[in-house]
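J.: Structure incoming, see below.
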Amino acid sequence: MSIELAMSRRDLLKRSVVAGITGMGAFTFSAPLLASTGLLLPANYANQADAAAFWAKPRVLNLYRPSTGEHKQICYWRDGHLDLAGYREACHMLRDVRAGKATEIDLRLLNLLRGQQGWLELAYGFKEPYQVNSGYRTKETNEATEGAARDSYHTKGQACDGKFPSLPIEYQGRLMSAFRTGGVGFYINRQKFIHSDVGRVRYWVR
Ligand SMILES: [Zn+2]
């Protein structure tokens with residue numbers, strides 16, 4: 001399977017500079033303990049120095065695709081720079097499995113996933129891989145996806161559906177929401193997963 005990466009490293013870096021979540025704004029949401037789960041949201045990271053230290057560290061994603069059985073630890077950013085090989089790997093992991101196609105995933109989305117995973121690791125030593133149900137979707141796959149929006153952020157490489165199977169779904173949605181990076185869909189009734197994207201900030205529950 002090949003991946004087309006027309007974008008140069010410099011362009012990617014430029015894109016990352018404007019990416020909101022690479023900045024300090026990532027951890028500014030202050031919310032108390034979620035009574036139902038006993039799990040905390042990242043209010044502690046409202047502290048700018050802590051947030052800066054967090055984002056300065058290598059950004060590693062631990063991802064699992066149940067549909068293919070792939071499981072990978074991917075470092076897509078280190079020493080203040082994009083790791084192009086790692087970035088490509090992340091794009092591959094978030095590819096459209098049905099169509100066998102990958103795209104350039106928005107760095108803000110990777111950072112959002114990293115923020116979520118990094119928080120759980122820091123706060124709880126939680127190391128479970130994130131289960132990716134759907135990342136990038138071709139238009140065809142998107143049309144074939146039940147309930148998908150026509151112009152879904154999935155088709156732009158800007159959305160991911162997934163979950164940590166052992167954590168309460170509602171908590172995971174609140175955690176994604178805490179980053180205030182884009183849309184968060186809570187799919188809590190039939191299928192259990194969280195949609196997160198780096199589009200307009202909005203929330204919905206299905
Ligand atoms: Zn979605």
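J.: If you scan the stretch 124-158, which residues turn out to be outside any helix (DSSP H, G or I), over 17 Å from His92 (Cβ atoms) and under 15 Å from the mean Cα position of the chain (by Cα)?
T.: Answer for the stretch 124-158, where residues must be outside any helix (DSSP H, G or I), over 17 Å from His92 (Cβ atoms) and under 15 Å from the mean Cα position of the chain (by Cα): just Glu128.
J.: Determine which single condition Tyr171 fails, assuming it passes every other condition in (1) within 11 Å of the ligand (Cβ to nearest atom); (2) in contact (Cβ under 8 Å) with a residue 60 or more places away in the chain.
T.: Status for Tyr171: all satisfied but (1).
J.: Another question about this same structure. I'd like the full set of residues that are away from the ligand (no atom under 16 Å from the Cβ) and part of a helix (DSSP H, G or I), limited to the stretch 174-184.
T.: Within the stretch 174-184, Arg174, Leu175, Ala178 meet the criteria.
J.: If a residue must be open to solvent by less than 50 Å² (accessible area, probe 1.4 Å) and among the hydroxyl-bearing types (Ser, Thr, Tyr), how many such residues does the stretch 60-114 contain?
T.: The total comes to 3.
J.: Which of the residues spanning the stretch 186-199 are of a type outside the set (Ser, Thr, Tyr) and either in contact with a helix residue (DSSP H, G or I) (Cβ under 8 Å, 6 or more places away or on another chain) or part of a loop (DSSP other than H, G, I, E, B) (or both)?
T.: Phe186, Ile188, Asn189, Arg190, Gln191, Lys192, Phe193, Ile194, Asp197, Val198, Gly199
The rows are residues; the columns are (1) part of a helix (DSSP H, G or I); (2) at pLDDT below 95.
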{"position": "Trp77", "(1), (2)": "no, no"}
{"position": "Gly86", "(1), (2)": "yes, no"}
{"position": "Ala90", "(1), (2)": "yes, no"}
{"position": "Thr103", "(1), (2)": "no, no"}
{"position": "Leu110", "(1), (2)": "yes, no"}
{"position": "Gly115", "(1), (2)": "yes, yes"}
{"position": "Trp119", "(1), (2)": "yes, yes"}
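J.: Using the structure shown, decide if Arg180 is of a type in the set (Lys, Arg), surrounded by 15 or more Cβ atoms within 10 Å (Cβ to Cβ) and out of contact with any strand residue (DSSP E or B) (no Cβ under 9 Å at 6 or more places or on another chain).
T.: Taking the combined requirement at face value, the residue satisfies it.
J.: Those residues that are open to solvent by 30 Å² or more (accessible area, probe 1.4 Å), away from the ligand (no atom under 11 Å from the Cβ) and of a type outside the set (A, V, I, L, M, F, W, C), I need them from the stretch 116-135; list them, please.
T.: Correct list: Glu121, Tyr124, Gly125, Lys127, Glu128, Pro129, Gln131.
J.: Any idea how many residues of the stretch 159-173 are under 14 Å from Arg108 (Cβ atoms) and in a loop (DSSP other than H, G, I, E, B)?
T.: Of the residues in the stretch 159-173, 0 are under 14 Å from Arg108 (Cβ atoms) and in a loop (DSSP other than H, G, I, E, B).
J.: If you don't mind, another one. Just need a number here: residues in the stretch 142-162 that are open to solvent by less than 70 Å² (accessible area, probe 1.4 Å) and either more than 12 Å from the ligand (Cβ to nearest atom) or among the hydrophobic types (A, V, I, L, M, F, W, C) (or both).
T.: So the answer is 6.
J.: Within the stretch 185-197, restricting attention to residues that are within 12 Å of the ligand (Cβ to nearest atom) and modelled with pLDDT under 95, which residue is farthest from Leu122 (Cα to Cα)?
T.: Restricting to residues being within 12 Å of the ligand (Cβ to nearest atom) and modelled with pLDDT under 95, the top hit is Gln191.
The values are calculated or read from the model by the stated rules, or taken from the named source; none is laboratory data. All of these numbers come straight from a predicted model, not from anything done at the bench. In this analysis, Cβ positions are derived from the backbone assuming ideal geometry, glycine residues included, and neighbour counts consider all displayed protein chains. Please note that ligands, DNA and RNA were not included when accessible areas were found on the heavy atoms of the full protein model with its side chains. Shrake-Rupley method; radii C 1.70, N 1.55, O 1.52, S 1.80 Å.
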